Amino acid sequence: MLQSLLLQQPPPMMNTTTSKRSIGELHNDDVNIASTVGVISAGDADVIESSRIKRRNIEDTLLDQSEEAESSGLRLLGLLLQCAECIAADNLDLANNLLPEISELSSPFGSSPERVAAYFADALQARVISSYLGTYSPLHIQTLTLTQNQKIYNALQSYNSITPFIKFTHFTSNQAIFQSLEHEETVHIIDLDIMQGLQWPGLFHILASRTRKLRSVKITGIGTSIHMLEATGRRLKDFATSLSLPFEFVPLEAKIGNMVTSSMTLDDVTDFLKIQSGEPVVVHWMHHCLYDVTGSDYGALRLLEMIKPKLVTIVEQDLSHGGSFLGRFVEALHYYSALFDAVGDGVETDNVERFTVEQQLFGCEIKNIVAVGGPKRTGEVKVERWGEELGRVGFRPVSLAGNPAAQASLLLGMFPWKGYTLVEENGCLKLGWKDLSLLTASAWEPLDHE
């Protein structure tokens, strides 16, 4: 609903007028038919009339609830925007006074607008507190604890089961990687934020099915905790072994953009990434707002420029983290309103998996964007258009319009609800909800690729 309001369109409502008319028309037809054939009694007529009144009362109640929900959504939207405007104008006292009413009208267990508002209210409160204290530092997660990691892992598993978003990132990237390795006997994949490595068993399956078997598969997994990385490596090793796939895992506790300095040579970079001479390299990069994945964006870009991998696969949220606070807030509110609608559609209102996803993933992302302006608001200019930057440093797009698009279309067929959209644009694939693009997958290769 908030998404529709932000687009300045009427919010979605139940078509109660149409339903009411159709029920009434059918009911009158039943009475007329019964009267014609002479089978209706006076008592039956009273029962039918009583039923008609009850139905009208139910329909009127539904209409009232729909109008009430619309009114509540408008009120929430107005309060959220007013609070954000006060923060932008540095009127923190008034912003703080608006938060209790927002909290009263919102709920992480309510309708989609109420759930969105609950997490944005939490983020706005954190922003007000940080503004009072004069601190705008990022929400650092230097090292994910076992508990934090497990919560994220559980939330990602739930996210994967109730929406196509994670499967979309895995399927499209894996298909592009598989195609790029058609004539290769070895591969070295560098995952800039491997987390639990959920993507790679799917790739292992299709690599193991090749007629021309790979002699070696190596993954350098980069992350925030060596203990978590080692656990991920063991799981992937076990899975690869079950498929008789030769596999090596290299854990690297680092933020790759911060590792690259202006004085580093190509030999330095290939040494710490364990890249062998002549080894085909693929880099995978999943962008998100949970925490700072790579450190310096331009450091990461310089690394790609230096090693010139055979393929770079990127999945990005179609959401800007730059610009003014107010502009960033409105864009994020629009984006997450659509995302909450997508996750809530097709599941019960008390679905535990949905709540886990929204609390552990979306809530953290919203706080990072709104409370501190993104996970990397450290003064460094952030890359907003990765396609332009990759083109500037010697890469060109690889179209995903073939098999990757076909795989993505089949994937959407697994989900019965109709709001998802898939668009191919200049070789990129965009997955959206009701015409708002939410994720973009793209692939890139060096300009001198044969």
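Using R0 = 45 Å, the C-beta based FRET efficiency linking S399 and N154 works out to 0.80. Here the label points at A208 and D435, each 7 Å from Cα along the C-beta direction, are separated by 4.5 nm in the simple model. For region 68-133, the spread of Cα positions along the three principal axes, ordered from largest to smallest, is 36, 19, 14 Å.
The HN-Hα couplings worked out from phi for region 318-331 by the Karplus form 6.51 cos²θ - 1.76 cosθ + 1.60 (θ = phi - 60°) are 7, 8, 7, 10, x, x, 6, 4, 5, x, 5, 5, 4, 5 Hz, whole numbers, x standing for Gly and Pro.
Determine the alpha carbon to alpha carbon distance for each of K367/K430; K151/K218; K213/K310 and list only those over 22 Å. Listed pairs above 22 Å: K367/K430; K151/K218.
Per-residue SASA remark: R215, around 150 Å² accessible (1.4 Å probe; ligands, DNA and RNA not included). Pop a pseudo-label 7 angstrom from the Cα along the beta-carbon direction at both F239 and S320 and give the gap in nm to one decimal. Here the modelled spin labels are 3.7 nm apart. The share of accessible area on region 68-133 that comes from carbon and sulfur is 50 percent, using a 1.4 angstrom probe. Its Kirkwood hydrodynamic radius, worked out from the mean inverse distance over all distinct Cα pairs, puts region 147-263 at 15.2 Å. Using the Cα centre of region 167-265 as origin and beta-carbon charges of +1 (Lys, Arg) and -1 (Asp, Glu), tell me which of T169, L214, V250 is placed farthest towards the positive end of the dipole. Result: L214, furthest along the dipole toward the positive end.
Given +1 at the Cβ of Lys and Arg, -1 at the Cβ of Asp and Glu and no other charges, the dipole of region 68-133 around its Cα centre is 160 debye to the nearest 20.
The values are calculated or read from the model by the stated rules, or taken from the named source; none is laboratory data. Keep in mind that what you see is a predicted model, and the values were worked out from it rather than measured. Cβ: placed from backbone, ideal geometry, glycine included. Neighbour counts: every protein chain shown. What goes into the accessible areas is simple: the full protein's heavy atoms, side chains included, and nothing from ligands, DNA or RNA. Shrake-Rupley method; radii C 1.70, N 1.55, O 1.52, S 1.80 Å.
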